[in-house]
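These notes concern the structure reproduced below.
Computed from the coordinates by the stated procedures, all read-outs in this text should not be read as laboratory data. Computed from a predicted model, the values in this text were never measured in an experiment. Heads up, the Cβs are rebuilt from the backbone with ideal geometry, glycines too, and the neighbour counts pull from every protein chain shown.
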């Protein structure tokens, strides 16, 4: 796939996603994505888009200030 920002080629990879929800920061490692080899921008897979927001919501529900998680579908 082509990067929508710079037009570079993307490839399968994993990224770290950081989400801020109010007073909570959720850091999720190993998230599958298409990563641009030119600019480094990433595009999450459909699977990741279905999982990542819920993981951040779980961190907020637990009252975490900072939570570091591994991606798991």
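For the chain, report the convex hull volume of the alpha-carbon atoms normalised per residue, in Å³, without decimals.
Details: hull volume 6.2 nm³, N = 73.
Roughly 85 Å³ of hull volume per residue.
For the stretch 10-70, what is the relative contact order in percent, using Cα pairs closer than 8 Å and at least 6 residues apart in sequence?
The value is 39 percent.
Nearest-5 percent of antiparallel DSSP beta bridges in the chain?
75
Nearest 0.05, what FRET efficiency do residue 60 and residue 9 give at R0 = 25 Å with Cβ-Cβ as r?
0.10
Given the peptides 23-32, 63-72, arrange them by the average over their residues of other C-beta atoms within 10 Å, most packed first.
My ranking of the peptides, most packed first, is 23-32, 63-72.
Assuming 0.36 nm per residue, please report the length gained on full extension of the stretch residue 1 to residue 18 beyond their Cα-Cα distance.
My answer for the length gained is 3.8 nm.
Angle, helix 46-61 long axis vs. longest principal axis of the chain, Cα atoms, 0 to 90°, nearest 10?
20
Taking only Cα atoms and a 10 Å spring cutoff, compute GNM fluctuations for the chain and point out the largest among 54, 40, 22.
In this elastic network of the chain, the residue with the biggest mean-square fluctuation among 54, 40, 22 is 22.
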